[in-house]
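**Q** My questions all concern the structure below.
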Amino acid sequence: MNSVTENLNTLWASLLIEELVRNGVDYFCLAPGSRCSPLTVAVAAHTRVRESIHHDERAVAFHALGYGRATGRPAVIITTSGTAVANLMPAVVEASSEQIPLLVLTGDRPPELRDTCANQTIDQIGIFGNYVRWFVDLPCPTRSVSAAFLLTTADHAVHRCRQGVPGPVHINCMFREPLAPERDQTDASGYLASLAGWMENSFPYTSYGSATTVADTGTVDKIADILMQGERGVLVIGKLNRWTSDRGVRRLAEKLQWPICADITSGFRTGDPPGLVMATADLLTMHPGFSTSHAPQVVLHLGGRMVSKQTERFLHHDGLTHYVLVSDYIGRQDPWHDVTMRMEGDVDEVSSALADKIPF
């Protein structure tokens, strides 16, 4: 990724397309128009994509649908704003009904042009209703939003296309002028600094795994390797389902011997908590000396999110190398955009499988 880019629209679109490709989504079906120009240009500039271009949105949508039906992989539809988006509805409905993965990227006008009778502008928010597995309305490109947000959005979108019951996902992309890749010689190196590790490899920012059966040990093995090689690890225990056992979680905690940040909703602070639970984590992490010298390099987060803002600030910092999340919640659970690997499934079962993999 070049440090000097044409403009921020081009940079955002390039990051989004690159992350989709890293997730194995490399077939793009375009019915281009003005408002989706940054996305179209990003596809054209990418060296590892295949594209199909058609002037009719309905036709290109059904072409993408056929690709998903034949391969089991989502194709990406890119269209401009307005009624072009409405023409995708039949294909989106069929993708939902037939459980076919499909990813829709639509260009849209910025907020100040919505509901103003601006040309080729309709209400695209939730236009496909309950027929999509997930919808997100991206903000206009701005440096006030981290670049990692774009990558985690792309990762989660592909995951929701495929996981559980496959189907369509809609990402609505607002862009302000200039839509063309006009050079403004903006140095983006500072903005992209947090993505240094991502730019040095070819893997998605957040990897997703599924533990519908823990017998599928590929992701478990990867997580176990991270835990065994990790330095300055912290175990985070969020809200756990009260109707399941926590024996696996406790076994894993005993194996790791990492400090434990147990959220108030976890139930781990009562009864017979492991000796490594930091009962006063809020106070400890508030101290600058402690939070600096004990900042974790690896975080294993089990269960729901943390209630404590102070503890969350301690866990998320520039020196973090891995943030692994194991949760049975299918929605997005990454407000800091730091999760590098996520596994969905029963937290206690996954914890028990991890404990079996750790020899010490």
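**Q** Counting Lys +1, Arg +1, Asp -1, Glu -1, what net charge surrounds Ala193 among other residues with beta carbon under 15 Å of its beta carbon?
**A** -3
**Q** Taking Cα atoms, how many degrees apart are the long axis of helix 8-22 and the longest axis of the chain, rounded to 10 and kept between 0 and 90?
**A** 70 degrees
**Q** What is the diffusion coefficient of the range 1-89 in µm²/s, taking the Kirkwood radius over Cα pairs and the Stokes-Einstein relation at 37 °C with a viscosity of 0.692 mPa s?
**A** The calculation lands on 245 µm²/s.
**Q** Now for a separate question. From the mean inverse distance of alpha carbon pairs (Kirkwood) and the Cα radius of gyration, derive Rg over Rh for the chain.
**A** 1.00
**Q** Can you grab the distance from the C-alpha centre of the range 259-303 to the C-alpha centre of the range 318-353, Å, no decimals?
**A** 17 Å
**Q** Can you tell me the orientation of helix 347-357 relative to the chain, as the angle in degrees between its alpha-carbon axis and the longest Cα principal axis, to the nearest 10?
**A** On a 0 to 90 degree scale, this one is about 70.
**Q** Could you report the accessible area of Tyr329 in Å², rounded to 10, computed with a 1.4 Å probe on the protein chains as they sit in the structure?
**A** Accessible area, nearest 10 Å²: 120 Å².
The values are calculated or read from the model by the stated rules, or taken from the named source; none is laboratory data. In this text, all values refer to a predicted model and were calculated from it rather than measured experimentally. Heads up, the Cβs are rebuilt from the backbone with ideal geometry, glycines too, and the neighbour counts pull from every protein chain shown. For accessibility, only protein heavy atoms count, side chains too; no ligands or nucleic acids. Shrake-Rupley method; radii C 1.70, N 1.55, O 1.52, S 1.80 Å.
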